[in-house]
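These notes are about the structure you will find just below.
The values are calculated or read from the model by the stated rules, or taken from the named source; none is laboratory data. None of these values were measured; they are calculated from a predicted model. Cβ: placed from backbone, ideal geometry, glycine included. Neighbour counts: every protein chain shown.
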Amino acid sequence: MHPDTPADPSFASTGAIFRRGLLASLPFTVMILPFGALFGVLATAQGMSVAEAMAFSIVVIAGASQFAALQLMQEGAPIALIILTATAVNLRMAMYSVALTPHLGQAKLWQRALIAYFLVDQSYVLGAAEYARQPLWGLSEKLAWYFGVISPVCGLWYVATWAGATFGRALPAGLPLDFIVPVSFLAMVSPLLRTWAHRAAAAVSVGGTLALWWMPYSSGLLVAALAAMIVGALVEIHEEKRRGA
Amino acid sequence: MVPEIIANKTQLWTVILGLGIGTYLLRFSFLGLIGNRALPPMAQRMLRYTPMAVIPGLVAPAIAWPTATGGEADPARLLAALVTVAVGIGSRNTLAAMLAGVVTLAAGLWLQA
């Protein structure tokens with residue numbers, strides 16, 4: 001592909017589009033590697049086998065919810081609440097599913113089943129952005145891009161988990177591993193605190209959870225999260241009106 | 001100390017499969033079953049805030065009363081949390097924020113020891 005022709009879709013083969021998707025996702029792997037490895041390290045430090053840590057990354061394949069499950073298991077929360085809360089972290093995936101349906105909804109069922117399995121933050125962000133830029137792409141071009149993007153992202157997620165789980169035991173004992181998950185989470189969400197809607201949602205989430213800590217089985221977290229989602233959406237509407245006025 | 005849920009393999013696999021299936025259904029929902037139907041705008045807006053709604057609440061108790069110290073608020077952990085958030089907002093870079101937080105935590109715990 002010529003570097004300064006912005007990939008004319010009528011000329012690019014699906015193979016070329018696949019490779020371009022591969023390249024486009026490489027910057028995201030800067031995040032995938034350390035967090036995948038960290039998950040492997042923490043999972044085995046908490047007593048999981050390498051195979052169990054790998055099962056987590058292969059079956060769930062959603063970093064933030066995997067860390068959430070780890071945190072809640074460490075706190076000894078009941079199983080149903082662990083599954084509910086960690087799944088709630090992934091509710092945004094339904095939004096991604098909505099966003100990609102106009103583009104990939106015509107694919108065969110087995111293809112959609114596979115697309116759904118690999119639907120992560122990166123495949124949504126890069127997919128939605130590129131499909132908007134390439135209005136002439138048909139289904140096969142869109143599929144080629146999608147699988148190009150997810151190959152390094154998801155492949156490296158497995159590899160990094162395996163490496164962390166396998167070599168993490170070499171780390172010295174006595175590290176404050178209990179606090180690495182909270183620090184990682186704060187590092188993930190704080191760059192998102194750009195808008196008032198995000199800040200309001202985060203504030204309600206923190207304040208609500210601490211205020212509702214008396215509720216059984218830390219179910220206050222789910223109540224606070226629902227309230228935070230509503231507040232975030234309402235503040236967003238308010239902000240839009242103010243900007244529009 | 002291995003948490004009970006991890007030591008008990010049935011419970012651990014229940015979490016892995018439960019979370020995996022729940023997440024898969026969310027991913028498959030519209031692509032696979034519901035198809036080309038729009039979500040109500042309010043629902044779309046709310047879904048946008050799920051990470052921000054769940055994650056801060058998830059970490060708040062671990063920061064306010066960490067289990068590692070028996071529930072006592074710990075200055076090193078509090079400071080590390082503040083530094084992580086400040087660097088995250090300032091730099092908008094997750095890795096920079098994380099590094100700053102870990103270094104602060106290590107320094108704080110070393111000073112306390």
Inset, instruction - Quick one: count up the residues across segment A:132-156 that are away from every other protein chain (no Cβ under 14 Å) and part of a helix (DSSP H, G or I). - result: 14
Legend entry - Residues located in segment B:24-40, provided they are more than 7 Å from every other protein chain (Cβ to nearest Cβ) and modelled with pLDDT under 85: B:Leu33, B:Ile34, B:Arg37, B:Ala38, B:Pro40
Legend entry - Any hit, segment A:62-76, residues being closer than 23 Å to A:Thr209 by Cβ, in contact with a Ser or Thr (Cβ under 6 Å, 6 or more places away or on another chain), small (Gly, Ala, Ser) and not in a helix (DSSP H, G or I): yes
Legend entry - Qualifying positions in segment A:217-240 - facing chain B (nearest Cβ under 7 Å) and either at pLDDT below 90 or within 14 Å of A:Val206 (Cα to Cα) (or both): A:Leu221, A:Ala224, A:Ala225, A:Ala228, A:Met229, A:Gly232
Inset, instruction - Those residues that are modelled with pLDDT of 90 or more, farther than 14 Å from A:Val89 by Cβ and either facing another protein chain (nearest Cβ under 7 Å) or not in a helix (DSSP H, G or I) (or both), I need them from segment B:7-23; list them, please. - result: B:Asn8, B:Gln11, B:Leu12, B:Thr14, B:Ile16, B:Leu17
Inset, instruction - Return the residue satisfying two criteria in turn: it lies in segment A:45-68 and is facing another protein chain (nearest Cβ under 9 Å) and small (Gly, Ala, Ser), and of such residues it is farthest from the chain's Cα centre (by Cα). - result: A:Gly47
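Residue by residue, here is whether (1) within 29 Å of A:Phe28 (Cα to Cα); (2) at pLDDT below 85; (3) touching a Gly at 6+ places or on another chain (Cβ under 8 Å) holds:
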| residue | (1), (2), (3) |
| --- | --- |
| B:Gly57 | yes, no, yes |
| B:Pro61 | no, no, no |
| B:Gly71 | no, yes, no |
| B:Leu78 | no, no, no |
| B:Val83 | yes, no, yes |
| B:Ala86 | yes, no, no |
| B:Arg92 | yes, no, no |
| B:Ala100 | yes, no, no |
Legend entry - Single unsatisfied condition, A:Leu42 versus (1) modelled with pLDDT of 95 or more; (2) closer than 21 Å to B:Leu58 by Cα; (3) more than 9 Å from chain B (Cβ to nearest Cβ): (1)
Inset, instruction - Take segment A:209-233 and flag every residue that is more than 24 Å from the chain's Cα centre (by Cα) and in a helix (DSSP H, G or I). - result: A:Leu210, A:Ala211, A:Pro216, A:Tyr217
